[in-house]
1. Please give the length that would be gained between LEU45 and GLU13 if that part of the chain were fully extended, namely 0.36 nm times their separation in residues minus their C-alpha to C-alpha distance (nm, one decimal).
2. Using per-residue counts of other Cβ atoms within 10 Å, averaged over each peptide, order 16-25, 50-59 from highest down.
3. Angle between the Cα long axis of helix 24-57 and the longest principal axis of the chain, 0 to 90 degrees, nearest 10?
4. Percent of Cα-Cα pairs per 5 Å bin, from 0 to the last occupied bin, for region 16-64, please list those.
5. Need the full-extension length gain, ARG60 to LYS31, defined as separation in residues times 0.36 nm minus the C-alpha distance. One decimal, nm.
Amino acid sequence: MPESHDTCVRCREAEVSGPLSLCADCSVETKDECSSGLIRLGQYLAAWAAFDEWLRRRGRGQTV
Ligand SMILES: [Zn+2]
């Protein structure tokens, strides 16, 4: 049976309305987690780019 979204999908306590089904507090926390996740993803990809550059300087890696 589908779950009702009348309460926040994160804390399951606060009443919510709107497409996100998150209360105001959980919206802020979720946004912060997404932001820090994107920062970590950027750092991860930058590390791979630096590694690829390191390989390229040694005549390895992709030549695209
Ligand atoms: Zn909540």
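1. Contour length minus the Cα-Cα distance gives 7.8 nm.
2. So the peptides 16-25, 50-59, ranked by packing, come out 16-25, 50-59.
3. 10 degrees
4. Here the calculated profile for region 16-64 is 5, 18, 14, 13, 10, 9, 9, 7, 7, 6, 3, 0.
5. 6.5 nm
A short reminder: the numbers here are calculations on the coordinates, not readings from a lab. Note that the coordinates shown come from a computational prediction; the quantities given were computed from them, not determined experimentally. Cβ sites come from the backbone with ideal geometry, for glycine too, and all protein chains shown count toward neighbours.
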